[in-house]
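Okay, structure first, notes after.
The values are calculated or read from the model by the stated rules, or taken from the named source; none is laboratory data. Predicted model, so just to flag it, every value in this text is computed and none were measured. Note that we place each Cβ from the backbone using ideal geometry, even for glycine, and neighbour counts take in every protein chain shown. With ligands, DNA and RNA removed, areas are computed over all heavy atoms of the protein, side chains included. Shrake-Rupley method; radii C 1.70, N 1.55, O 1.52, S 1.80 Å.
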Amino acid sequence: MLSRRNSLSWWLTGLVAVLSLTILVPLYFAVVTAFKTPTELAVSGFALPQVWNWDNFATAWALTSFPRRFLTSAIITVGAVVLTLVTNSMVAYAIARNMDRRWVRMLFYYFVAAMFVPFPIIMLPVVKQTAMFGIDNEAGLILIYIVYGLAFNLLLYTSYIRSIPVEIEESASVDGATRWAIFWRIVFPLLTPMNATVGILTCLWAWNDFLLPLVILTDPGTQTLPLAQYVFQGQFNTNYTVAFASYLMAIAPLVLVYVFAQRWVISGVMRGSNR
């Protein structure tokens, strides 16, 4: 029995090692490409650069107006994350504590069903409505991230909230706490692991998204980083070395966010899946 478990462990370890190559190999290619000249890239894609060329980063910084685009992306991402955590958690709490009511369960299924609606189907009506209401700007984009993330976030939050004992809230209610105070002083702090999970998923989505900013933002001065990086894509050629340098600069903040929040992300997913 022990030998069988050891054999299975080795097989799983080997599978994880092979699957990790799907991340490590593209990452290695991105790093070495960012430091090469176009001539070196044409000779070999995976070879190390002969001279580590930092000029690609300076060129990418200038071509994309990096500080300005970085600030725009940061404002949209932070706004989407903060407002998503506040609003989606409140909606999930109201639903999770009233799942015994039939109309609440139907409302929950209605929200979750939105996960199965492809965005291209509703893209044109959304673009038309945002222009009609004058929210084809950063604020409108943040609102769309909040609304479109509700379905998946609701699924995560409700599973986690139902793992929190109701007796804690009942004790606070006996002591005179209002429902509002119970949520903000008791429930919301307990949601820290799940808030980290939802927050980092929303952060990745809003920071890396290309399609929504493309169709929603009408002012060229409000371009996000992914839109600004499209400048490297020409009709007949692509400046890969400078483009990859720009990509590395763009993913650096997300790496820091994930390193900071990863322990809460893992614990949030594991606890929410136990229900």
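Place a +1 charge on the Cβ of each Lys and Arg in the chain and a -1 charge on the Cβ of each Asp and Glu, then give the dipole magnitude about the Cα centre in debye, rounded to the nearest 20.
Values: 16 positive and 11 negative charges, 157 e Å.
Dipole size: approximately 760 debye.
Only protein heavy atoms count here; under a 1.4 Å probe, Asp136 has an accessible surface of about 40 Å².
Here the accessible area of the stretch 92-183 is 67 percent carbon and sulfur, with a 1.4 angstrom probe and all protein chains present. In a simple Cβ point-charge model (Lys, Arg +1; Asp, Glu -1; nothing else charged), the stretch 129-249 has a dipole of about 140 debye relative to its Cα centre. Stretching Leu12 away from Asp100 to a fully extended chain increases their span by 27.6 nm, per 0.36 nm per residue minus the current alpha-carbon distance. Please give the helix 192-208 orientation as an angle from the longest Cα principal axis of the chain, in degrees from 0 to 90, rounded to the nearest 10. Roughly 40 degrees between the two axes.
Accessible-area rank, largest first, for Met249, Met90: Met90, Met249, with all protein chains present and a 1.4 angstrom probe.
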